[in-house]
């Protein structure tokens, strides 16, 4: 089973090499910035913050390595895939370049208060690139959503649908941060946790679906688990969004945060049961089906 999974991953990544290489590049850039931070500190005068470069490069790298696995399922035509990969490659290279280089130069790549006209223009184009990422993801998501969640890939496609919905929340949070010119909102609100939580749905719900797809469980049972996992993750995003919208930190206890934690606990339970079912294989069908 493990060798088969590894072979599938290798084949998927090989079919979209530009995205795969860029994902690895993002992780490498994050590591390089972390080394610079360890040697010289997190701040580069006058306003460069290496924590932002590290988190951005790593997050985008993980994002790319995740959606690379979805592209083969989208049903692009050969020409459509080449165009999508080409635009994605160009936009991401620009985003990596501006984020990393500007911070290493001591500038805020988005909302600099000391940059000259050329750097200000680079920041505006950075925002345009971010919009490009949203549009390109929307194209990929629409291709995936048009496919019926049936057949051998049906469970995974169902999980991806929930992931796409949560990712839309993440992109909305990103636009929210752009409008606020930073991650802070209200007295103590921080939009970044919502941004991150939404994007991690790209790993969370498809992973549950993938495990269930390899478990031998009846399709209707597996689908129930995926629905539970997907709704739970989106509910957690909505609760965190509510907490942020009133200007309160996610570390502050409140009904919204309690509900968000409960929703993530529900997702954790579905993940553990899916992993158990996957490990048990076909014999788990009757035992776990009876437990639903």
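Observations, loosely collected:
- Residue-span extension gain [residue 178 to residue 114] - 0.36 nm each, minus C-alpha spacing: 21.2 nm
- Extension reserve of the residue 220-residue 17 stretch, reckoned as 0.36 nm per residue once the Cα distance is removed: 69.6 nm
- Quarter of Cα convex hull surface for segment 77-168, i.e. mean projection, nm²: 7.4
- Computed over the alpha-carbon pairs of segment 123-223, the distance histogram in 5 Å steps reads 3, 12, 19, 18, 16, 12, 9, 6, 4, 1, 0 percent, short to long.
- Two-site FRET efficiency, residue 10 against residue 275, from Cβ-Cβ distance with R₀ of 22 Å, rounded to 0.05: 0.50
- For the chain, diffusion coefficient by Stokes-Einstein and Kirkwood Rh (Cα), 25 °C, 0.890 mPa s, µm²/s: 120
- Largest GNM mean-square fluctuation among 40, 195, 227, using the chain with Cα springs under 10 Å: 40.
- GNM top mover of 88, 205, 77 - the chain, alpha-carbon springs below 10 Å: 77
- The gain in end-to-end length when the residue 38 to residue 73 segment is fully stretched comes to 8.6 nm, 0.36 nm per residue minus the alpha carbon separation.
- Cα-based helix-to-principal-axis angle, 219-245 vs the chain, degrees rounded to 10: 30
- Residue among 212, 194, 73 with the largest mean-square fluctuation in a Gaussian network model of the chain, springs linking Cα atoms under 10 Å: 73
- Remark: the Cα gyration tensor places segment 1-147 in the oblate category, a/c being 1.5 or greater and a/b not exceeding b/c.
The numbers here are math on the coordinates, done by the rules we state, and not lab data. Given the structure is predicted, the values throughout are model-derived calculations rather than measurements. Every residue, glycine as well, gets a Cβ built from its backbone with ideal geometry; the counts of neighbours run over all protein chains shown.
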